[in-house]
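Taking it in order: structure first as structure tokens, then the write-up.
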Amino acid sequence: QKEVEQDPGPLSVPEGAIVSLNCTYSNSAFQYFMWYRQYSRKGPELLMYTYSSGNKEDGRFTAQVDKSSKYISLFIRDSQPSDSATYLCAVSGGYNKLIFGAGTRLAVHP
Amino acid sequence: DGGITQSPKYLFRKEGQNVTLSCEQNLNHDAMYWYRQDPGQGLRLIYYSQIVNDFQKGDIAEGYSVSREKKESFPLTVTSAQKNPTAFYLCASKREGFGETQYFGPGTRLLVL
């Protein structure tokens with residue numbers, strides 16, 4: 001079993017839709033949760049960072065962590081074509097190591 | 001502007017050749033990392049370094065080597081022992097004591113001729 005599972009998609013939605021991206025993880029010791037956005041042939045850029053449980057909102061993006069279910073989510077409201085990218089979840093228990101999901105490809109069409 | 005630079009953007013390797021990928025950061029970050037990304041897969045850790053003159057193997061270190069002689073620089077050598085080197089290589093850095101967030105460079109695509 002992989003430590004982090006993420007549906008690779010692709011996920012195709014119309015412009016303006018609400019997008020839900022999800023990951024599950026296996027180790028209850030993970031405390032740090034991140035979402036990165038990666039455009040084609042570019043390096044990942046940090047979107048959201050959450051420590052422990054709860055929600056965090058930044059503009060159109062909301063990150064949610066449910067530690068009881070070992071489930072993390074990223075919601076994108078009013079999606080735009082510029083949101084078309086691969087979204088990577090990452091988790092960490094500290095100790096200088098991030099564990100990444102495989103990434104979900106998202107396409108937002110006009 | 002602070003950031004992480006990687007060079008070259010594209011690199012071609014011939015059979016039996018060692019090649020070195022450059023990674024430089026001016027963020028004054030302590031820790032630096034090298035990842036490999038294959039199509040449809042997440043990032044896999046090759047090596048990381050928390051301080052100068054010290055580094056640790058990651059999950060897929062075989063066929064790779066690194067050095068950390070300066071805080072700003074963390075070059076990765078892909079040796080001839082790495083039999084499947086074609087991939088997208090990403091360098092990242094992190095400031096110690098400020099959580100686990102890593103910041104990434106633009107990447108180097110390595111292709112085998």
(message) Let me confirm something: among B:Q102, B:Q37, B:Q25, which residue is of a type in the set (S, T, N, Q), closer than 23 Å to A:S92 by Cα, modelled with pLDDT of 95 or more and touching a Ser or Thr at 6+ places or on another chain (Cβ under 8 Å)?
(response) B:Q25
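Among the residues of the stretch B:1-22 satisfying the criterion of being surrounded by 12 or more Cβ atoms within 10 Å (Cβ to Cβ) and closer than 21 Å to B:G99 by Cβ, which is nearest to the other protein chains (Cβ to nearest Cβ)?
The first filter runs over the stretch B:1-22 and keeps only residues surrounded by 12 or more Cβ atoms within 10 Å (Cβ to Cβ), leaving B:3-8, B:11-13, B:17-22.
With closer than 21 Å to B:G99 by Cβ added as a condition, the list becomes B:3-4.
Numbers: B:G3: 10, B:I4: 8 Å.
Out of the qualifying residues, it is B:I4.
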(request) Give the stretch B:39-56 a look and list any residue that's in a loop (DSSP other than H, G, I, E, B), more than 7 Å from every other protein chain (Cβ to nearest Cβ) and under 24 Å from A:M34 (Cα atoms), or say none. (result) B:P39
(request) Test each condition in (1) loosely packed, with under 15 Cβ neighbours inside 10 Å; (2) within 12 Å of another protein chain (Cβ to nearest Cβ) for B:E62 and report the one that comes out false. (result) (2)
(request) Kindly indicate whether any position in the stretch A:56-78 is at pLDDT 95 or above, in contact with a Gly (Cβ under 9 Å, 6 or more places away or on another chain) and basic (K, R). (result) yes
(request) Determine, yes or no, whether A:Y49 is closer than 19 Å to B:G105 by Cα, among the aromatic types (F, W, Y) and modelled with pLDDT under 95. (result) yes
(request) Answer with yes or no whether B:E96 is part of a loop (DSSP other than H, G, I, E, B), within 14 Å of chain A (Cβ to nearest Cβ) and surrounded by 15 or more Cβ atoms within 10 Å (Cβ to Cβ). (result) no
(request) Return the pairs, sorted by first residue and then second, in which the second residue is surrounded by 15 or more Cβ atoms within 10 Å (Cβ to Cβ) and of a type in the set (A, V, I, L, M), the first residue lies in the stretch B:56-78 and is more than 21 Å from B:N26 (Cα to Cα) and touching a residue at least 40 places away in the same chain (Cβ under 8 Å), the beta carbons are less than 6 Å apart, and the residues are 6+ apart or on different chains. (result) B:V78/B:V19
(message) Please go through the stretch A:68-110 and give me each residue that is of a type in the set (S, T, Y), within 13 Å of A:G9 (Cα to Cα) and more than 14 Å from chain B (Cβ to nearest Cβ), ordered by number.
(response) A:S84
(message) List the residue pairs whose Cβ atoms are under 6 Å apart, where the first residue sits in the stretch B:32-54 and is closer than 22 Å to A:E5 by Cβ, the second is among the acidic types (D, E) and in a loop (DSSP other than H, G, I, E, B), and the two are 6 or more positions apart or on different chains.
(response) B:R44/B:D59; B:L45/B:D59
(message) Quick check on B:A87: is it within 12 Å of another protein chain (Cβ to nearest Cβ), crowded, with 17+ Cβ neighbours inside 10 Å and either in contact with a Cys (Cβ under 6 Å, 6 or more places away or on another chain) or at pLDDT 95 or above (or both)?
(response) no
(message) Please count how many residues of the stretch A:24-49 are within 10 Å of chain B (Cβ to nearest Cβ) and either of a type in the set (S, T, N, Q) or in contact with a Cys (Cβ under 6 Å, 6 or more places away or on another chain) (or both).
(response) 2
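The values are calculated or read from the model by the stated rules, or taken from the named source; none is laboratory data. None of the values given here were measured: they were computed from a predicted structure. Quick reminder, even Gly has a Cβ in these numbers, built from the backbone with ideal geometry, and neighbours come from all protein chains shown.
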